[in-house]
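Quick notes on the structure that follows.
The values are calculated or read from the model by the stated rules, or taken from the named source; none is laboratory data. Note that the structure is predicted; figures quoted are calculated from it, not measured. Please note: Cβ atoms are built from the backbone with ideal geometry, for glycine as well, and neighbour counts cover all protein chains shown. The area values use the complete protein model at the heavy-atom level, side chains included, leaving out ligands, DNA and RNA. Shrake-Rupley method; radii C 1.70, N 1.55, O 1.52, S 1.80 Å.
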2 protein chains.
Amino acid sequence: MSTEKPISIDRVKSYLLGLQENICSALELEDGQAEFIEDQWQRADEADQPGEMSGGGGRSRVMRQGQVFEQAGVNFSHVHGSQLPPSATAARPELAGRSFQALGVSLVIHPRNPHIPTSHANVRFLSAEKPGEAPIWWFGGGYDLTPYYPVLDDVVAWHETARNACLPFGEEVYPRYKDWCDRYFFLKHRNETRGVGGLFFDDLNEWGFGRCFDFQQAVGNSYIDAYLPIVQRRKHTEWTEAQRQFQLYRRGRYVEFNLVYDRGTLFGLQSGGRTESILMSLPPLARWEYDYHPEPGSQEAKLYDHFLKPQDWLGVESGNR
Amino acid sequence: MSTEKPISIDRVKSYLLGLQENICSALELEDGQAEFIEDQWQRADEADQPGEMSGGGGRSRVMRQGQVFEQAGVNFSHVHGSQLPPSATAARPELAGRSFQALGVSLVIHPRNPHIPTSHANVRFLSAEKPGEAPIWWFGGGYDLTPYYPVLDDVVAWHETARNACLPFGEEVYPRYKDWCDRYFFLKHRNETRGVGGLFFDDLNEWGFGRCFDFQQAVGNSYIDAYLPIVQRRKHTEWTEAQRQFQLYRRGRYVEFNLVYDRGTLFGLQSGGRTESILMSLPPLARWEYDYHPEPGSQEAKLYDHFLKPQDWLGVESGNR
């Protein structure tokens, strides 16, 4: 284990702000029509409840009604509090009573064309602090893809990019975090994955700060390489009104996941985060339909039958576990 | 306290099935076009986890694409399990390890016209059982109204009907359950009530079975008396596309409440209830819009400024508390 480099929140912050900038530029260029608007926000320091964030701020950026992207939200935030919330300390009692800083970039892209998948990415850093002691810190993050009319080549390419980002950190890294992603983005009440997965990691500090930070950057930087080629391949595919309706229906599942299961969303809402920035992940329009089932054999049925269950897309997992 | 009558689950069940029938008939008549379709469902008895329902079934009814009602879901269910879930026993340790039966009618009505409010009602009965001991039982329920373009007279009439239903059971009953409703249907992350409230009660057994059951019936029977007159007064009001968009936006709040806060929804999803019946409460179409704020002075602003905060609509509360 390496302890050579002291942690530097400033370096992480500077990386995250640059990442937000780069991702927004790439998406604007791809859209060719709409632009991001930016809101800078700050939370005043207040006498706080355990778990309430007591200060900090963020830079929220949203693009709406683009040619390609119906809505794209890309948020940076850096918040701090005098006590980690009980949800963060239940499994790690050594953190109880520590103050904390949390910073990250989180994004969700809802394209207009049902043939382009929705995607989500997040990279975050947490530091739990106590006077006179070394901070306890960790990185987390990942990205996952939610297609409506999936194309196998896209899914494989997405996972290849994810694997290539992980490979310099060890053969076992991609299978481990791919598997975690499948388990995390799972709707138990639907018995479905949210989509075709990708990467999810948390509590990462075992490689020392320098290497962990390198890994966060590898993940963050590879997101746009994983997503944009899919957007480019699918954005000219014609769609029907029925396909649009199916997309809106499946977006309902996205809402269900984010509001019922997503720990980041719930932590944010319950601890006094900025609601409008947190719920930027929700789709601009979504639909529910009682007891809907796709026609057997249809394209829609293929999504359920072949894609919404964990799979070894690259044929590499079994050998590594 | 009266103990004269033994509890009778059969009588409660028979009442609930009749209530579902009556409400569906009244709504069909009012709609004049669409009809309810019915799904009967059963859960097999299975070796169960604590908190998993192990058996039972229900009768789900849904009307869709009506003239007046875009979607109306009216569900009866009667489920049982070998152990109450931890969420039900945390605050009442005397219930731990008991088997349970839960039966109820739950409904949500999403009208098409933005001038007609959405409404919700629920009446339920729970019995926690242990061989050789008397069952511990309680009633719960209530109803609440969620207008988009509220009319004060409607809100007052809604609460008058609720108060009149409660009055035979004591002067203090309406204020107590009206207040509980305001506290329950509150979106903390929005600092808003879900709508203009109504009644909410739970853990009710203090009056003995007979009187409590009478109260459940008074609440259940008065729902349609409270709601239909409002539907009738507003259903011919013309609406604009902008008003429709505002309705869809506000329906997003309904989704947020039901998925983030509603204990019945979360208990159902987490304990293995029938997902399609539980999520029948979600609107057929909903919208989110980043950082939306109504124009100051507009009709939409009036909703936020005057209606989405707890209020003494009948001017009776302060005298009773």
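Some notes on this structure:
- Flag for B:E256 being more than 17 Å from A:K188 (Cα to Cα), part of a loop (DSSP other than H, G, I, E, B) and at pLDDT 95 or above: no
- Test: A:Q243 is open to solvent by 20 Å² or more (accessible area, probe 1.4 Å), in contact with a Pro (Cβ under 6 Å, 6 or more places away or on another chain) and under 26 Å from A:Q67 (Cα atoms): yes
- Test: residue in the stretch B:40-51 that is within 14 Å of another protein chain (Cβ to nearest Cβ), at pLDDT below 90, touching a helix residue (DSSP H, G or I) at 6+ places or on another chain (Cβ under 9 Å) and buried (at least 17 other Cβ atoms within 10 Å of the Cβ): yes
Residue by residue, here is whether (1) farther than 30 Å from B:A88 by Cα; (2) small (G, A, S); (3) surrounded by fewer than 21 Cβ atoms within 10 Å (Cβ to Cβ); (4) within 14 Å of another protein chain (Cβ to nearest Cβ) holds:
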residue	(1), (2), (3), (4)
B:R263	no, no, yes, yes
B:G268	no, yes, no, yes
B:G272	no, yes, yes, yes
B:L279	no, no, no, yes
B:L285	yes, no, yes, yes
B:H293	yes, no, yes, yes
B:L303	yes, no, yes, no
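- Within the stretch B:102-113, being over 22 Å from B:E21 (Cα atoms) and touching a residue at least 60 places away in the same chain (Cβ under 8 Å) holds for one residue alone: B:N113.
- Within the stretch B:263-293, being part of a loop (DSSP other than H, G, I, E, B) and touching a residue at least 12 places away in the same chain (Cβ under 8 Å) holds for B:S271, B:G272, B:G273, B:R274, B:L282, B:P283, B:P284, B:W288, B:E289, B:Y292.
- Only residues that are touching a residue at least 60 places away in the same chain (Cβ under 8 Å), more than 18 Å from the chain's Cα centre (by Cα) and under 17 Å from A:E70 (Cα atoms) were counted in the stretch A:2-44, giving 1.
- Hey, A:L259 facing chain B (nearest Cβ under 10 Å), surrounded by 17 or more Cβ atoms within 10 Å (Cβ to Cβ) and either touching a helix residue (DSSP H, G or I) at 6+ places or on another chain (Cβ under 8 Å) or of a type in the set (D, E, K, R) (or both) or not: yes
- Check on A:Q245, within 11 Å of chain B (Cβ to nearest Cβ) and modelled with pLDDT under 95: no
- Hits in the stretch A:166-219 - residues which are assigned to a helix (DSSP H, G or I), closer than 30 Å to A:V255 by Cβ and open to solvent by 10 Å² or more (accessible area, probe 1.4 Å): A:R176, A:D179, A:W180, A:D182, A:R183, A:Y184
- Considering residues of the stretch B:60-80 that are away from chain A (no Cβ under 14 Å) and within 17 Å of the chain's Cα centre (by Cα) only, the residue least open to solvent (accessible area, probe 1.4 Å): B:F76
- Residue within the stretch B:230-248 that is touching a Leu at 6+ places or on another chain (Cβ under 7 Å), part of a helix (DSSP H, G or I) and touching a residue at least 40 places away in the same chain (Cβ under 8 Å) present: no
- Output for the stretch A:12-39, where each listed residue is surrounded by 14 or more Cβ atoms within 10 Å (Cβ to Cβ) and among the charged types (D, E, K, R): A:K13, A:E21, A:E28, A:E30, A:D31, A:D39
- Test: A:Y143 is more than 25 Å from A:F267 (Cβ to Cβ) and among the aromatic types (F, W, Y): no
- Identity of the residue in the stretch B:220-229, closer than 12 Å to B:Y143 by Cβ and aliphatic (A, V, I, L, M), that ends up surrounded by the fewest Cβ atoms within 10 Å (Cβ to Cβ): B:I224
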